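Student: Supplied in structure tokens, the structure appears directly below.
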Amino acid sequence: MSVRVKPEREPQLDVELLHAVARGDEEALARLYDQYRVILFSMLVRILKSREEAEDVLQEVFLQVWKRAKDFDTERGRPFTWLVTLTRSRAIDRIRQLGARQRLADSAAQNPANEASDAATDTLHSEQREIVTRALAELPEEQRRTLNLAYYEGLTQSEIAEQLGTPLGTVKTRMRTGMIKLRELLGEQVNSLLGPTTN
Amino acid sequence: MVHEDYKELLSARALTTLDAEDTRALEIHLQTCAGCSAELIEWEQIAAFMAHDASTLEPSLEVRQRILKTIRTTTVASETSQSPTNLVESSVTRVESKILTFERHPRTVSSVSGIGAIAAALALIALLATIFSLWQQNRTTQTLLAKQNTQLDETNAQLARQREALTLLTSPGARMASLSGTNIAPTAQAMLAYDKKGHAMLMAKGLPAVPNGMAYQLWFIKDGKKMPGRVFTPDSAGNGMLEDDIPDVALEAAVFAITLEPKSGVQAPTGSIYLVSAT
């Protein structure tokens, strides 16, 4: 695999910020928060379907970053990936702690507007979002749905199979095919917009 | 399972959607397979990019404040429990507590000189109270004076900027753009006046207060390209003024916007839009 998706800004800056946070630099943490608050919060609201829960988890995440910034390893990925993974993991934990997955799913089913698009709060730097949204839109519906259930609902492959009434093997195939396609689409489009970044 | 089977699990592992049994099996394989470990990192990056698919939302300003307050409290608590100063203070407390346990000899006032000493002490206390009261009055006056001076400076600066805006507006070829508040700042408004050379003056009102370390930043957007302008901080009433120069390429048919950014300004916008002009 050779695709390398270029993040929204120079990752080295964020690496330096994380190193500064590890040294106890409050200003660096504040800058990191300013940089990532929107993307992380948006993801949290989509997963938790509650602004209140999302704000609570966002706070937990940055307190964890404050304590664990020294654990960040550039060999294990970029700051963007580290922060998103950490945040999503916290959100999924929160869903499971609350035992509220069914409640949240019910709530989402009743109110599709829960994924409220607040166009006015869209940031100017939305190219990445457009690329990902466009790439996902190009996936066949069943693949996109499978990926969304995994990513935003935190369901395991067996749970997805049960929810969709689809054989487990089919779910696994859809997921893998969807991810491969997504990788191809992101690689092509991100590179075309942001310049050559493959290696 | 063989190596290829494990490879097929990697993308699902990046989505943390594998069932427990597959997760355990893959974890064991990853401990000995550098190739799969490296590939997993790349899949995790692809998975992380899915975060961009969520509708963009802004957390409330209080979250930032709560985070910073908590880490400061933690830091101070940690320093307090370990600092040498605390050790000194502790030992002082211990010494004082020992002093307090000393027996006090009872005294009786039985002479004129004793009464005189009491009177002198009372006079001294009264004198000290008077001096303290005067010092307080003086301090209050000084603070008030400093505040008035600051207000006067601000008013003068504002007048100067308004004069400059007026000059701009009356210059040949002057143009104006109106910026409306988005739904996170519905009462905010701004006007951007600029001359044909691009010298511009922004006047905004109704903007929300900015958190510490943050400021509003002006952007010039032309054909999707966002060019950074200067930053400004509104006063307590939400009014702000800014002088800037519009890049030549943005003089025609550009969109102007205001976002919330770190105080030092950024080269690419990161925050939410508070004000935006019509396209």
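The values are calculated or read from the model by the stated rules, or taken from the named source; none is laboratory data. What you are looking at is a predicted structure, and each value in this text was computed from that prediction instead of being measured. Because the Cβ atoms are built from the backbone with ideal geometry, glycine has one as well, and the counts that use them run over all protein chains shown.
Student: Among B:Met191, B:Met201, B:Met227, which is more than 24 Å from the chain's Cα centre (by Cα), surrounded by fewer than 17 Cβ atoms within 10 Å (Cβ to Cβ) and either within 14 Å of chain A (Cβ to nearest Cβ) or in a strand (DSSP E or B) (or both)?
Tutor: Values: B:Met201 fails: surrounded by fewer than 17 Cβ atoms within 10 Å (Cβ to Cβ); B:Met227 fails: more than 24 Å from the chain's Cα centre (by Cα).
Criteria check complete, one pass: B:Met191.
Student: Moving on to the next point. In this structure, is A:Arg101 touching a helix residue (DSSP H, G or I) at 6+ places or on another chain (Cβ under 6 Å), surrounded by 15 or more Cβ atoms within 10 Å (Cβ to Cβ) and modelled with pLDDT under 80? Don't jump to the end; show me each part of the working.
Tutor: Details: touching a helix residue (DSSP H, G or I) at 6+ places or on another chain (Cβ under 6 Å): yes; surrounded by 15 or more Cβ atoms within 10 Å (Cβ to Cβ): yes; modelled with pLDDT under 80: yes.
When the stated conditions are applied, A:Arg101 passes them.
Student: I've got another one for you. Taking the stated definitions as given, is B:Thr270 of a type in the set (Ser, Thr, Tyr), modelled with pLDDT of 90 or more, part of a loop (DSSP other than H, G, I, E, B) and buried (at least 19 other Cβ atoms within 10 Å of the Cβ)? Please lay out each step first, then the result.
Tutor: Numbers: of a type in the set (Ser, Thr, Tyr): yes; modelled with pLDDT of 90 or more: yes; part of a loop (DSSP other than H, G, I, E, B): yes; buried (at least 19 other Cβ atoms within 10 Å of the Cβ): yes.
Spelling it out, B:Thr270 is indeed of a type in the set (Ser, Thr, Tyr), modelled with pLDDT of 90 or more, part of a loop (DSSP other than H, G, I, E, B) and buried (at least 19 other Cβ atoms within 10 Å of the Cβ).
Student: List pairs: first in the stretch B:205-222 and in contact (Cβ under 8 Å) with a residue 60 or more places away in the chain and closer than 12 Å to B:Asp235 by Cα, second part of a loop (DSSP other than H, G, I, E, B) and among the polar types (S, T, N, Q), Cβ under 8 Å, 6+ apart or cross-chain?
Tutor: B:Leu207/B:Asn239
Student: Do you know which of the residues in the stretch A:69-97 that are free of Cβ contacts under 8 Å to residues at least 12 places away in the same chain and more than 11 Å from every other protein chain (Cβ to nearest Cβ) is surrounded by the fewest Cβ atoms within 10 Å (Cβ to Cβ)?
Tutor: Restricting to residues being free of Cβ contacts under 8 Å to residues at least 12 places away in the same chain and more than 11 Å from every other protein chain (Cβ to nearest Cβ), the top hit is A:Gln97.
Student: Evaluate the stretch B:241-255: report whether one residue or more is loosely packed, with under 15 Cβ neighbours inside 10 Å and on the phi > 0 side of the Ramachandran plot.
Tutor: Looking through the stretch B:241-255, at least one residue is loosely packed, with under 15 Cβ neighbours inside 10 Å and on the phi > 0 side of the Ramachandran plot.
Student: Just one of the numbered conditions (1) within 24 Å of A:Glu27 (Cβ to Cβ); (2) part of a strand (DSSP E or B); (3) modelled with pLDDT under 90 is not true of B:Glu243; which one?
Tutor: Going through the list (1) within 24 Å of A:Glu27 (Cβ to Cβ); (2) part of a strand (DSSP E or B); (3) modelled with pLDDT under 90, B:Glu243 breaks only (1).
Student: Filter the stretch B:46-72 down to residues that are closer than 20 Å to A:Asp56 by Cβ and acidic (Asp, Glu) and give me whichever is surrounded by the most Cβ atoms within 10 Å (Cβ to Cβ). Can you show your working first?
Tutor: In the first step, residues of the stretch B:46-72 are kept if they are closer than 20 Å to A:Asp56 by Cβ; the result is B:51, B:54-72.
Subsequent filtering for residues that are acidic (Asp, Glu) retains B:58, B:62.
Values: B:Glu58: 20, B:Glu62: 12.
Checked the stretch B:46-72; the qualifying residue surrounded by the most Cβ atoms within 10 Å (Cβ to Cβ) is B:Glu58.
Student: Could you give every pair whose Cβ atoms fall below 9 Å, whose first residue belongs to the stretch A:153-169 and is more than 9 Å from chain B (Cβ to nearest Cβ), and whose second residue is assigned to a loop (DSSP other than H, G, I, E, B) and not β-branched (Val, Ile, Thr), counting only separations of at least 6 or pairs across chains?
Tutor: A:Ala161/A:Pro167; A:Glu162/A:Leu155; A:Gln163/A:Leu155
Student: Here is a list: A:Glu27, A:Glu53, A:Glu60. Which entry is surrounded by fewer than 20 Cβ atoms within 10 Å (Cβ to Cβ) and either facing chain B (nearest Cβ under 8 Å) or not in a helix (DSSP H, G or I) (or both)?
Tutor: Numbers: A:Glu53 fails: either facing chain B (nearest Cβ under 8 Å) or not in a helix (DSSP H, G or I) (or both); A:Glu60 fails: either facing chain B (nearest Cβ under 8 Å) or not in a helix (DSSP H, G or I) (or both).
Being surrounded by fewer than 20 Cβ atoms within 10 Å (Cβ to Cβ) and either facing chain B (nearest Cβ under 8 Å) or not in a helix (DSSP H, G or I) (or both) holds for just one of A:Glu27, A:Glu53, A:Glu60, which is A:Glu27.
Student: Give the number of residues within the stretch B:9-28 that are buried (at least 17 other Cβ atoms within 10 Å of the Cβ) and not in a loop (DSSP other than H, G, I, E, B).
Tutor: Within the stretch B:9-28, the subset buried (at least 17 other Cβ atoms within 10 Å of the Cβ) is B:9-18, B:22, B:26.
Those still in the list that are not in a loop (DSSP other than H, G, I, E, B) too: B:9-14, B:22, B:26.
Looking only at that region, the number is 8.
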